[in-house]
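The values are calculated or read from the model by the stated rules, or taken from the named source; none is laboratory data. Just so you know, these numbers come straight off a predicted model, no measurement behind them. Every residue, glycine among them, receives a Cβ derived from its backbone with ideal geometry; neighbour counts consider all protein chains shown. To get the accessible areas, we keep the full protein, side chains included, count just its heavy atoms, and leave off ligands, DNA and RNA. Shrake-Rupley method; radii C 1.70, N 1.55, O 1.52, S 1.80 Å.
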Amino acid sequence: MDFTIYLVCLVLGVLFTLISAVAGHIFDGGHEAGDGDFTLTVIAIFVTAFGGLGVIFHQIDATHNPWISVPLASAGGFAISACALWLLRQLFRKTQSSSESKVSSLVGQAAEIITPIPQNGVGEIAYVQAGTRYTAPARTETGAAVASGRAVKITRVVGSQFHVAPV
């Protein structure tokens, strides 16, 4: 009887995984993965691992008894699903990270004035980071005017405003 339960869990887990992969690809291709998606995936992985390990433990004489094979299959299922959850979170953390530039690393970065900065006023700079060109509002540290096309260095960032000094 316990062998049948293990086999059913294994088959249902594999079928659920295949169906959800195909259905997810067809019906929700642009959806970003969230924790709800992980929950169903991790449950399917647990059921599949529990069934697969149960089938294996049932075949071994020392673990054939359900009092031994069920706890072993459960522990293995939890371990495998926990590892899968960790891997999925690592994968999606990397792939869904922002492409916005890291502001803290910009101090000392070269930039160019693209909109003149008037005396004690705000203009605009352009800078390149990680191969991407960004623009930002900027003012000079001294309050002096700076003409368009001049090279400057970013000295600090306060909120969304960049402070620069002529090079």
*asked:* Let me spell out the model: positive unit charges on the Cβ of Lys and Arg, negative unit charges on the Cβ of Asp and Glu, origin at the Cα centre of the chain. What dipole size does that give, in debye rounded to 20?
replied: 800 debye
_Quick one: 3J(HN,Hα) in Hz for the range 148-163, Karplus 6.51/-1.76/1.60 with θ = phi - 60°, rounded, Gly and Pro as x._
4, x, 6, 7, 9, 10, 6, 9, 6, 10, 10, x, 9, 9, 9, 10
*Simple spin-label model, 7 Å along Cα-to-Cβ: Leu72 to Ser104 in nm?*
4.9 nm
*Work out which helices of the chain, taken as complete DSSP H runs, extend at least 18 Å along their axis over the Cα atoms and score a mean Kyte-Doolittle of 1.6 or more, then list them.*
2-27
*So which trypsin sites (Lys or Arg not before Pro) in the range 71-160 end up in coil per DSSP with only 13 or fewer other C-beta atoms within 10 Å?*
Lys102
*Might you tell me the accessible area per residue for the chain, computed with a 1.4 Å probe and given in Å²?*
63 Å²
*Read through the labelled values (1) 17.5, 60; (2) 15.7, 51; (3) 28.6, 86 and report the label of the one computed as Rg and Dmax of the Cα atoms in Å from the structure.*
(3)
_From the helices alone, meaning DSSP H stretches of at least four residues, give me the mean residue ellipticity at 222 nm for the chain, per-run term -39500 (n - 2.57), in deg cm²/dmol to the nearest 500._
-17500 deg cm²/dmol
*Say the dipole of the range 47-167 comes from +1 at the beta carbon of Lys and Arg and -1 at that of Asp and Glu; which of Ile68, Ile154, Ser105 then lies farthest toward its positive end?*
Ile154
